[in-house]
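K.L.:
Can you read through this structure? Questions will come right after.
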Amino acid sequence: MQLFLILTVIIGGMGLSVEAGLLGPLGTQVGDLWATFSIFGVGAALTFLLMLFFSPRNSPSFFSQPSWQLLGGVLGPIYVVIITVAAPIIGIALTMIGILVGQIFKSLIIDHYGLLGTTHRKIDNRRIIALIFIIAALAIVAQG
């Protein structure tokens, strides 16, 4: 199961790179914020259809959840605006590696302290080395 999930998130990551490639030209044509809005509008419509047909009818309301858990709704558009603006200027590879550095760095902190309701996973030398390699990749791609 773990291997399947790893492959699934790799494919999801590939989708993010395609999204960055689509958003750059779209942002140039219609504006960065309209491009971001279109991505979320299409995504919201698709999610609504999936919920309509596949979501359990007796699931708890998200309004009953702690409000901090809804922060993803704020962070998502910020992320999309950043890739919409950055990708056409610095390229998709550099944009995605930069995003990855930020994701890995913050993920290590969240795991280490068990923040946001996650399982506590200590930072070890292997995780630090992995972060260093990703930062090195960022530096190498930035120089090219």
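K.L.:
I need the full set of residues from segment 99-140 which are β-branched (V, I, T) and under 16 Å from G13 (Cβ atoms), in order please. Explain how you work it out, then say what you get.
P.N.:
Of segment 99-140, the ones β-branched (V, I, T) are 99, 101, 104, 109-110, 118-119, 123, 128-129, 132, 134-135, 140.
The answer is I99, V101, I104, I134.
K.L.:
Can I99 be described as open to solvent by less than 40 Å² (accessible area, probe 1.4 Å), within 23 Å of V18 (Cα to Cα), under 13 Å from the mean Cα position of the chain (by Cα) and among the hydrophobic types (A, V, I, L, M, F, W, C)? Lay out the reasoning, then the answer.
P.N.:
Working: open to solvent by less than 40 Å² (accessible area, probe 1.4 Å): yes; within 23 Å of V18 (Cα to Cα): yes; under 13 Å from the mean Cα position of the chain (by Cα): yes; among the hydrophobic types (A, V, I, L, M, F, W, C): yes.
Yes: the conditions hold for I99.
K.L.:
Further question: So which residues in segment 102-135 are more than 19 Å from the chain's Cα centre (by Cα) and among the hydroxyl-bearing types (S, T, Y), if there are any at all?
P.N.:
Residues satisfying the conditions are Y113, T119.
K.L.:
Now for a separate question. Examine segment 46-65 for a residue that is open to solvent by 60 Å² or more (accessible area, probe 1.4 Å) and in contact (Cβ under 8 Å) with a residue 24 or more places away in the chain, and state whether such a residue exists.
P.N.:
Among the residues of segment 46-65, not one is open to solvent by 60 Å² or more (accessible area, probe 1.4 Å) and in contact (Cβ under 8 Å) with a residue 24 or more places away in the chain, which makes the answer no.
K.L.:
Okay, moving on. Quick check: is even one residue across segment 46-61 of a type in the set (D, E, K, R) and part of a helix (DSSP H, G or I)? Even if it seems obvious, please write down each step before you answer.
P.N.:
From segment 46-61, those of a type in the set (D, E, K, R) are 57; that's our starting set.
If we keep only those that are part of a helix (DSSP H, G or I) as well, we get none.
There is no residue in segment 46-61 that is of a type in the set (D, E, K, R) and part of a helix (DSSP H, G or I).
K.L.:
Here's a follow-up. Name the residues in segment 120-141 that are open to solvent by less than 80 Å² (accessible area, probe 1.4 Å) and in contact with an Asp or Glu (Cβ under 9 Å, 6 or more places away or on another chain), would you?
P.N.:
Matches in segment 120-141: I123, R127.
K.L.:
Something else now. Residues of segment 66-96 being open to solvent by less than 80 Å² (accessible area, probe 1.4 Å), more than 12 Å from the chain's Cα centre (by Cα) and within 17 Å of T118 (Cα to Cα), which ones?
P.N.:
Scanning segment 66-96 gives a single hit, P66.
The values are calculated or read from the model by the stated rules, or taken from the named source; none is laboratory data. Everything numeric in this text was worked out from a predicted model, so none of it was measured. Neighbour counts are summed over all protein chains in view; Cβ atoms, including those assigned to glycine, are modelled from backbone coordinates with ideal geometry. Heads up: the accessible areas ignore ligands, DNA and RNA and are worked out on the full protein's heavy atoms, side chains in. Shrake-Rupley method; radii C 1.70, N 1.55, O 1.52, S 1.80 Å.
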